[in-house]
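Please treat every number below as a calculation from the coordinates, not as lab data. Predicted model only: the values in this text are computed from it and were never measured. With ideal geometry, Cβ positions are generated from the backbone for all residues, glycine too; neighbour counts draw on all protein chains shown.
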Number of protein chains: 2
Amino acid sequence: MPDALSEFGLIAKYFVPLATHPGALALTDDAAVLEETAGRELIVTADALTAGVHFLPDDPPNLIASKALRVNLSDLAAKGAEPVGYLLALALPQSVDDAWLAEFARGLAEDQKAFGVSLLGGDTTATPGPLTIAITALGRAPRGAMIRRSGAKPGDHVFVSGTIGDAGAGLAILQGKTGGDTDAAFLIGRYRQPTPRVSLGPKLRGIANASLDVSDGLIADLGHIAETSGVRIVVEAEAIPRSAALVRFDPDIVCAATAGDDYEIAFTASSPVTADLPVTCIGRVEPGQGVVLLDREGREIPVIRPGFTHF
Amino acid sequence: MPDALSEFGLIAKYFVPLATHPGALALTDDAAVLEETAGRELIVTADALTAGVHFLPDDPPNLIASKALRVNLSDLAAKGAEPVGYLLALALPQSVDDAWLAEFARGLAEDQKAFGVSLLGGDTTATPGPLTIAITALGRAPRGAMIRRSGAKPGDHVFVSGTIGDAGAGLAILQGKTGGDTDAAFLIGRYRQPTPRVSLGPKLRGIANASLDVSDGLIADLGHIAETSGVRIVVEAEAIPRSAALVRFDPDIVCAATAGDDYEIAFTASSPVTADLPVTCIGRVEPGQGVVLLDREGREIPVIRPGFTHF
């Protein structure tokens, strides 16, 4: 911790400027306050990141901050919610200094502007262990509009936003895997700073029957929809959208579909067309259970490990 | 981590039973949902605890869980809110096993019943560092009813619930300080498992002009009210309520008033009487700034270190 700064000095210098929502009370109180409105629902989610587990300790601090916030905004978006703000519990090791905190706060400030959210509160403590960032994000939707995991129906089509597998390749490069070096910066960027689909999410209300964000791996996460909805999901491997950079770096489709950290939205919808939404149809929902990945000839591609697990 | 349990197995076994609120969706989704109501406000607070900083790693796991939840419920109570639920971000070291988790969950379950709250969501990850528990708690109050730190007015009387200093003495005993051994269990209990004033808090709406919970130390926390409200607070040392056990263990009033971890509610109110509320008047609010502690003869008692700071 920066010796020159007390806990309160640190909060005043770096975090009060981020508390732009009036309900945050400029972080001068023990809690934030949000007025409730009839006909609306509050949607709340929490995700924590630990150095050495979810990011590398020497990653740029602005990108660490950005990723911690974005993985939470991604959850809200996948639920059809508009984000409001977040609470930040930060456990800081001794190695964190003033310059690190300034960059960390800058990363949050930029994302707050980009996504229209405010810091609402939190807690800052010292830790003898690795840096840990726990964020709780709050969003809103009209009453009953939250898109759950459990609504997929046989006959639905399966869609995904953006491209899948980039972040997994980016992590592989950071861990020493070589090849396709011209694409490395793009792929690493997709790992370090995912793009939460904040504007897409609310547009899926009334269209998506089930939705989530892809964090563990496309196959694993579709498996969550399949299990919660009591259906079987069939994915056409060739339909999975992949960036040109990824295909050059590693054309293995199973790797892309199981790597995780994509933070794209996967959803099912009754209609096979989704107007102008930036999404790709990758499969269909059937009666049954589980997720199967099919090749061009309709044969099942074995998937040994459908996604990331923490333990 | 228990080898036999995956992340999902762990959640199903220990945490799904705690998700009693329908909006928690049995933890099968990425977010919880709470219906909003006109004329009401949502009050949200976050506090994190780290092993070796906020509790001892070999403290009983049910009491670690209980303390992590209760310090958050204490914040809500001091704001006049009725608690609804909480999100739990848990970073678990390798040393945590099945038996530990079972006890941890039991501690939460007992407190959920005692205080009428539900687990709403969260995140469970592995960490190479110490156990870290980050909780975000949500509560509700009628619109405009949240009691802030900033409303204290000259002429107000200052009150505190319960007794002050017990937890500090309990921690001192755990750290090796001896004396008054017959009272050790009581004092240690007050440190390990504070009593959030959940039923008192909402009764203070319309009575308290400013309020907070005493966590850093009575003098330090009254200093937060004084600073935020732009007033001076005068405390009569002899009026500070202390348990018989504390007085036997250590009669030093300054120590009691600065030790922290009390999780009692300190508030100011215009009226000198508070009907049947279990609180004690300990001072008054004046124009000016800061907090002063007066002895029986009205002389100022020097306070070198008004409370705990994290850094």
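So here's what we get for this one:
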read-out: Beta bridges by DSSP in chain A, antiparallel share as percent, to the nearest 5; value: 75 percent
read-out: 14 Å beta-carbon shell around A:Ala32, net charge (K/R +1, D/E -1); value: -4
read-out: Reduced Cα scattering model of the stretch A:157-294, Debye log10 I(q)/I(0), q = 0.12, 0.15, 0.16 Å⁻¹; value: -0.44, -0.68, -0.77
read-out: Label-point separation in nm, A:Glu35 to B:Phe8, each point 7 Å along Cα→Cβ; value: 4.3 nm
read-out: Radius of gyration and Dmax over the Cα atoms of the stretch A:1-116, both given in Å; value: 15.1, 49
read-out: Solution diffusion estimate, µm²/s, Stokes-Einstein, the stretch A:84-140, Kirkwood Rh from C-alpha pairs, 25 °C, viscosity 0.890 mPa s; value: 202 µm²/s
read-out: Chain A - Debye-derived log10 I(q)/I(0), Cα point model, q = 0.07, 0.12, 0.16 Å⁻¹; value: -0.29, -0.82, -1.29
read-out: Kirkwood-Stokes translational diffusion coefficient of the stretch A:68-164, alpha-carbon pairs, 25 °C, 0.890 mPa s, µm²/s; value: 157 µm²/s
read-out: Surrounding net charge for A:Thr124, when Lys and Arg each add one and Asp and Glu each subtract one, Cβ distance under 11 Å; value: -3
read-out: Net charge of Cβ neighbours under 13 Å - reference B:Gly223; Lys, Arg +1; Asp, Glu -1; value: 0
read-out: Cβ-based exposure ranking for B:Ser229, A:Ser118, A:Ser211, in which fewest neighbours within 10 Å come first; value: A:Ser118, B:Ser229, A:Ser211
read-out: Counting all C-alpha pairs of the stretch A:268-311, share separated by more than 18 Å (%); value: 50 percent
read-out: Taking A:Ile164, A:Ile304 and counting other C-beta atoms within 10 Å, the order from fewest to most; value: A:Ile304, A:Ile164
read-out: Shielding by partners - mean other protein chain Cβ count within 10 Å, residues of A:117-124; value: 4
read-out: Relative contact order (%) - the stretch B:7-142, alpha-carbon pairs under 8 angstrom, separation at least six; value: 41 percent
read-out: Shielding of B:18-30 by partner chains, average beta-carbon count, 10 Å; value: 4
read-out: Among B:Glu41, B:Glu82, B:Glu264: highest mean-square fluctuation, GNM of chain B, C-alpha pairs under 10 Å; value: B:Glu41
read-out: Simple spin-label estimate for A:Ala244 and B:Arg106 in nanometres, 7 Å along Cα-Cβ; value: 6.2 nm
read-out: Cα Rg, Dmax, the protein assembly as shown, angstrom units; value: 25.6, 93
read-out: Per-residue [θ]222 nm for the protein assembly as shown (sum of -39500 (n - 2.57) over DSSP H runs n ≥ 4, rounded to 500); value: -8000 deg cm²/dmol
read-out: Partner chain coverage, peptide A:45-56 - average Cβ within 10 angstrom; value: 6
